[in-house]
Every structure is written in C-alpha cells, then in structure tokens.
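Colleague: My structure is below; once you've seen it, I'll send some questions.
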Amino acid sequence: MDGKLSVISYIKENITKSIASAIDAGSISLEAVPNVHVEIPKDVKNGDFSSNAAMQLAKSARMNPRVLAQIIIDGLEIDENIIAKVEMAGAGFINFYVADQWYYNELRDVLKYKDDYGKMTLPEKKSINFEYVSANPTGPLHIGNARGGAVGDCISNIYTYCGWDVTREFYINDAGNQILKFGESIGARYMQLFDSSYPFPEDGYQGSYITDYAGAYFEKHGDSLLNLSKEERNKALSDYALEIAVAKMKEDLLAYGVDYDVWYSETSLHESGEINDVINVMTQNGATYEADDAVWFKATDYGCEKDEVLIRKNGIPTYYAADLAYHYDKFAKRKFDMAVNVWGADHHGHVKRMKEGMKALLNTKEEKLEVILMQLVQLKIGEDFVRLSKRKGQIVTLTDLIDEVGTDAARFMFNSLAPSTHMEFDLGLAIKQSNDNPVFYVQYAHARMCSIIRNINECTDGADLSLLKEKQEMELLDKLASFSKEISDAAAEFDPSRMTRYATSLAGLFHSFYNSCRVKCDDAELRKARLALVEGAKYVLKNTLTIIGVSAPEQM
C-alpha cells in the first residue's frame, strides 16, 4: 500500500545489489556501494523511474558511465510483475518502466485498505509536536491566523499519515507587554463608562471587542473596580477578558476543524519558575554571562549576529527566555523527537536564535526544532485589496471568513500555495460554485464518483483489472499509485500545497477518464473493472481531502 514508494525502494535495493555483485566480481572497482538515488522523471519518455547511479559512480570507478550503466543493468534481478522494462539513456541514465500488472495490484490494495490506504508505519515510531496559530489573545482570530490553522493542521495530518505520534499545540501568549497593553485598553474603556473624557492609550487596542469586554464586566460586576489602583483594575479586566478570549479561540478553531491536544499557557512558565530553571541549565552548559546587570546568552558563539538578553536589569525575563523555556519543556520534559512551529514571516529574525538557543540548552548539534515561515495574506474582494490592522480593529475575523466562504473553501485555498508564498485570498472565487473554484472542482469529482458507484450498484470483487488499458485509465491508475509518495514528499518539504495540487490533479484525471471511458458500458467485465477504478479513485480522493481537512461530499 506504499505505492510508488515501494517501487523506489525495490529499484534502489536491486541497483545496490547489482553494484555490490559487480564489485565482488571485479567488474567495478569501488571500495563501497554508495547511496543510490532514484527519481520520477518529468518526461514520461524517460521511464516511470530513473537513476543516475552510473554517472554518480563513474569518476570513482574510473569508467565510462554508459559502460557502468550497462554492467548495473546486466546485474539486475527484476520481477517482471513490477518492472516491465529497463533501458539505458543519454549519458548513462538507467530508466525503469513499471509493469501494468503492478498498477493493477496497487489498485487492489486501494480497494482492500480503503480509508487506510496510504498510511505508513515507521519501523521506529517518532513523536512530533506541531505548534501553530498561537495568536495573542488580545483580539479575535483573523484571516492570517486562518491560514496558519489550515497549514499547521494539514501538515499535522500528513505526519499522522506517515506514522508519527503527533501532538497539536497552541501556545497562549498570555504574558508580557501586549497583555499589559490589552488590560490598559480595556481599563480605559471601563473608566469611560463613568467618565467619557478618560484618556485612551495612543497605542491601545481600538477594536469594538475591547469596549465589549469592558461593558460585559460592568454588567456583571458594576463599579467594583473604581476604587482599585489602575494596575489592579487593568489586571482584573485583563484576566476576565483573557478567559473569554481563549474560550472563543477554542470555539472558533473547532468550528474551523482545528482541534488541539494541548493549550499551553506562557504565564505558567513564569509561575512555575521554569524560566529560571532553564537559564540555570544554559549557564551550566557555559552558554551565558552577566553584563550591565543583565544575564545574556552567548548567541554569537553559536553563529548568531548578536548576543541575547535573557534576564533584564529589572530581573524580569525576556520573551526570548520564556520561549526557550517553552521549547525546552517540549524536548527535555515531554521528550518529543522533533518540534515544528508555524510562524508568520515577520518572525524570520527569531528563527536562528531559537534554534541555536535550543542547541545550547540541549547541548547538542542536532536540529530538533523546525520552523515553517508563513507569508502574509491579502484579502481580495473584486478588484480591491482590504487593508487590515489588528491594533486598529480593522480585521476580518475567522468567524467572518467561515460564515462567508465556509471551512472547506478556506482550508483548501489556504493550502493551495506553499506557506512561503504570498497569498491573495480571493473572496469571490472562494464562494463561486463552478470549476473555477478549486475546492468545488475537487469535491464535485468525489460526488460524481459516488454517484457512478450508486447508480451502477454492482460488486467489483474479482474484477479483471487487466482490461484497463486505455490511456486515461492508466494515467488515473498511475496517479492513485502516487498517493503515498506525495504524502512522503509533502512531509519532507513541510508543504501542504502538494496535497491540494494532488487532489486537483487526481480530480482532473478522473474527469478526463469519465469523459473518455464509459463506465456503464454493455461489456459486463469491462464495466466491473472500470467501476473498481472509480471506487479506488473515490477512496484516494477522500483520503487526500481528509488530510487537507476538507469534507468529501457524496452529493452536490
């Protein structure tokens, strides 16, 4: 059920054995067999798979690469049910052509495993922590957070399919200057209920939700805060609003299909003393020093441009110190093998110092932290772009987005481009019920598959799949067999757009097959074989949509 991944492994193994045998026989002079590279050529004329092993070894073996390629080919022990033909091409490429029988066997696997087709089991189970969205709870989740949620959740699903032990996590930034400003903003609105001339901070949060928090507190508790100091009043209002804000975040994200395993509070790091504990660990590892009444991380010793403050002169830890403590908890205490964060591109400068800080803390050179930088989203309505500002309250909330376009369209379109690519979210396209809308196009393909299966209503057990010979049939079979490799490549590249592109391509090939090859034909055996292909396509497309986090409707 590993599709083309299994063929790549099979070819690598056979080439490796052939080279090893040639070395033993003295046909090739090499000290050791190198790692063999196998790829899928862009041009189908160059085979289904190709290896440049001969050119890779030619210099070391002091042989003409074409001569070397022929020696490797002569030593291959190939199963004809897997590989139909092997050819040498160009300067020494070895091209492999997959047997039709292998495609038929793979379709049988699809029909056997159904919803589980494509899932991979690792020899050694690895644990991975995905942290995404993690928006400051100082305002509603917005369209930028929506992209982070779609990207992070899709990549989490990809790694689940790859057999990893996945934990989805939201880091609540409920400490620091932005929370103080949040409380000050609500405090000012609260005081304006009694005195309209009470000053509002110039850099305060101006959204209507700030006024709503103040009003809700007043309705519940009246003027109970008037006699407190400004700091106490702001703290009480901030605590009250944060509880509501985080609860609303959870509600909105669940409606968006994002369900976290862990909600981790930054405040808990300060209250537990973990930040000081981590700085002590870093000091024991010789990675800190004191200067100007502050504690510093020797970041320049680890390749960073400048050293970083961990504890300020006033004794208060920096945000960076808290972030180190948070990530140290992931590795040293919760024992994750790897952690992946989805951050906005504006955090670019924070990436290296976080990675090097973790190396200093864990006393290792291993890269255990991976950061996916996600570019900004521009909202397009018609021909116009909407300017957004969270501080000024000019935002399109996640709730607004779901109400307007729906979860399926939002998640699919946010994952239609690699995270590193700037995105224009076209609101008009997202709600369009036509093939111009990619999610509609893909979901319609799944609904059409279900309709064909429903209308023909025949059992496909024992279907003679060798009757599938048409170009459109073989192209669709080939696409189904590519599913596991697409998942594997998407995981390696942390690129969820591979899955949306795969879904769109699969839907297109199915539509082409449907238009060229009549499923409900008079030939009962051919009808049965084609229906089996439709069933296989339905399972694979549904599995792809599940990974993206999009529904697979049976009727539209």
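The values are calculated or read from the model by the stated rules, or taken from the named source; none is laboratory data. As the structure is a computational prediction, the values presented were derived from the model and not from experiment. With ideal geometry, Cβ positions are generated from the backbone for all residues, glycine too; neighbour counts draw on all protein chains shown. Surface areas here come from the heavy atoms of the whole protein model, side chains and all, with no ligands, DNA or RNA. Shrake-Rupley method; radii C 1.70, N 1.55, O 1.52, S 1.80 Å.
Colleague: When segment 486-520 is examined, which residues are found to be open to solvent by 40 Å² or more (accessible area, probe 1.4 Å), assigned to a helix (DSSP H, G or I) and among the charged types (D, E, K, R)?
Modeller: Selection gives E493, R498, R501.
Colleague: Checking the structure you have, find out if any residue of segment 189-212 is without any contact (Cβ under 8 Å) to a residue 12 or more places away in the chain, of a type in the set (D, E, K, R) and either part of a helix (DSSP H, G or I) or surrounded by 15 or more Cβ atoms within 10 Å (Cβ to Cβ) (or both).
Modeller: Yes - at least one qualifying residue is present in segment 189-212.
Colleague: When only residues in segment 33-81 that are among the basic types (K, R) and touching a residue at least 24 places away in the same chain (Cβ under 8 Å) count, which is least open to solvent (accessible area, probe 1.4 Å)?
Modeller: R66
Colleague: For segment 299-319: of the residues being assigned to a helix (DSSP H, G or I) and touching a helix residue (DSSP H, G or I) at 6+ places or on another chain (Cβ under 7 Å), which is least open to solvent (accessible area, probe 1.4 Å)?
Modeller: A299
Colleague: Here's a follow-up. Restricting attention to segment 279-294, which residues are open to solvent by less than 40 Å² (accessible area, probe 1.4 Å), in contact with a strand residue (DSSP E or B) (Cβ under 9 Å, 6 or more places away or on another chain) and within 14 Å of G357 (Cα to Cα)?
Modeller: Across segment 279-294, the qualifying residues are I279, M282, A287, T288.
Colleague: I'm checking my understanding of the structure. Among residues of segment 118-133 that are open to solvent by less than 60 Å² (accessible area, probe 1.4 Å) and either in a loop (DSSP other than H, G, I, E, B) or of a type in the set (S, T, Y) (or both), which one is nearest to M499 (Cα to Cα)? Before the answer, list the steps.
Modeller: Going residue by residue through segment 118-133, those that are open to solvent by less than 60 Å² (accessible area, probe 1.4 Å) are 118, 120, 122, 127-133.
Narrowing the set further to residues that are either in a loop (DSSP other than H, G, I, E, B) or of a type in the set (S, T, Y) (or both) leaves 118, 120, 122, 127, 132-133.
Numbers: G118: 13, M120: 16, L122: 21, S127: 22, Y132: 19, V133: 20 Å.
The qualifying residue nearest to M499 (Cα to Cα) is G118.
Colleague: Could you grab me the full set of residues in segment 158-179 that are open to solvent by 30 Å² or more (accessible area, probe 1.4 Å) and modelled with pLDDT of 95 or more?
Modeller: T160, W164, D165, R168 - these are the residues of segment 158-179 that are open to solvent by 30 Å² or more (accessible area, probe 1.4 Å) and modelled with pLDDT of 95 or more.
Colleague: Give segment 230-261 a look and list any residue that's in contact (Cβ under 8 Å) with a residue 60 or more places away in the chain, within 27 Å of I128 (Cβ to Cβ) and assigned to a helix (DSSP H, G or I), or say none.
Modeller: V246, M249, D252, L253, A255, listed by residue number.
Colleague: In segment 1-26, which residue that is in contact with a strand residue (DSSP E or B) (Cβ under 9 Å, 6 or more places away or on another chain) and touching a residue at least 60 places away in the same chain (Cβ under 8 Å) is surrounded by the most Cβ atoms within 10 Å (Cβ to Cβ)?
Modeller: Within segment 1-26, the match that is surrounded by the most Cβ atoms within 10 Å (Cβ to Cβ) is I11.
Colleague: Still on this structure, please answer the following. It is to be established whether one or more residues within segment 88-100 are of a type in the set (D, E, K, R) and open to solvent by 70 Å² or more (accessible area, probe 1.4 Å).
Modeller: No, segment 88-100 contains no residue that is of a type in the set (D, E, K, R) and open to solvent by 70 Å² or more (accessible area, probe 1.4 Å).
Colleague: Oh, and also: Do any helices (runs of 4 or more DSSP H) lying entirely in segment 383-440 carry at least 2 residues that are at pLDDT 80 or above and over 15 Å from G549 (Cα atoms), and which ones are they?
Modeller: Of the helices (runs of 4 or more DSSP H) lying wholly inside segment 383-440, those with at least 2 residues that are at pLDDT 80 or above and over 15 Å from G549 (Cα atoms) span 398-405, 427-430.
Colleague: In segment 473-484, what count of residues is obtained for those that are more than 13 Å from G536 (Cβ to Cβ) and either aromatic (F, W, Y) or open to solvent by 40 Å² or more (accessible area, probe 1.4 Å) (or both)?
Modeller: 1
Colleague: Among the listed residues I155, I186, which satisfies the condition of being in contact with a Ser or Thr (Cβ under 9 Å, 6 or more places away or on another chain), at pLDDT 95 or above and of a type in the set (V, I, T)?
Modeller: Only one candidate passes the filter, namely I186.
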